[in-house]
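Reading through the structure tokens given below for one structure.
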Amino acid sequence: MTEKRQHPRKECNIKVKFDYFEGDPEKVTTSQKPTIKSKGYILNISASGAFMVCNCRVSVQMPVKLYCKINKTKLELTGEIVRTGMIQNNPSEVAQRYAAKKVRGDSYVAIRFNELLPEEILAQV
């Protein structure tokens, strides 16, 4: 199978807090209030995005703000939710692998970052 991704993913298990939004994706921005706060785990990450698990239901095309720490570097990342769903209902190999690991969350969220994560940060994962 040909790899479609521009940036290679790195497996990880990073605690993450995040703010997500509800409403019209055309009108919502990460600078507005109110946000809904949640937490989860990033299970893989690349320069352009992340795959995480959580226990909340989010919508695609909505902005998201992530707060995490890689090594000792605190990060605040913004992006857009590109895919989401229940782990147990996702037939993809990645989701099934995480479902088998009994991850702490029943939903997956795939995020595309607004800006590329610098290589020096990614190298610390």
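The values are calculated or read from the model by the stated rules, or taken from the named source; none is laboratory data. Keep in mind that what you see is a predicted model, and the values were worked out from it rather than measured. With ideal geometry, Cβ positions are generated from the backbone for all residues, glycine too; neighbour counts draw on all protein chains shown.
Overview of results
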item: Complete set of residues in the range 109-125 that are buried (at least 16 other Cβ atoms within 10 Å of the Cβ) and part of a strand (DSSP E or B); result: Val109, Ala110, Ile111, Phe113
item: Residues satisfying the stated conditions in the range 28-49, i.e. outside any loop (DSSP other than H, G, I, E, B) and among the charged types (D, E, K, R); result: Lys37, Lys39
item: Pair list, Cβ under 8 Å, 6 or more apart: the range 44-56 residue farther than 10 Å from Tyr108 by Cα, other residue among the hydrophobic types (A, V, I, L, M, F, W, C) and assigned to a loop (DSSP other than H, G, I, E, B); result: Ile45/Leu117; Ile45/Val125; Ser46/Leu117; Ala47/Leu116; Ala47/Leu117; Ser48/Leu116; Ser48/Leu117
item: Qualifying residue in the range 16-31 (condition: closer than 20 Å to Ala123 by Cβ and of a type in the set (A, V, I, L, M)); result: yes
item: Residues (charged (D, E, K, R), at pLDDT 85 or above, out of contact with any Phe, Trp or Tyr (no Cβ under 7 Å at 6 or more places or on another chain) and not in a loop (DSSP other than H, G, I, E, B)) located in the range 70-107; result: Lys74, Glu80, Arg83
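Residues are listed down the side, and each one gets a yes or a no for (1) within 10 Å of the chain's Cα centre (by Cα); (2) modelled with pLDDT under 90; (3) buried (at least 17 other Cβ atoms within 10 Å of the Cβ); (4) not in a loop (DSSP other than H, G, I, E, B):
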{"site": "Phe18", "(1), (2), (3), (4)": "yes, no, yes, yes"}
{"site": "Glu26", "(1), (2), (3), (4)": "no, yes, no, no"}
{"site": "Phe51", "(1), (2), (3), (4)": "yes, no, yes, yes"}
{"site": "Val60", "(1), (2), (3), (4)": "no, no, no, no"}
{"site": "Val64", "(1), (2), (3), (4)": "yes, no, yes, yes"}
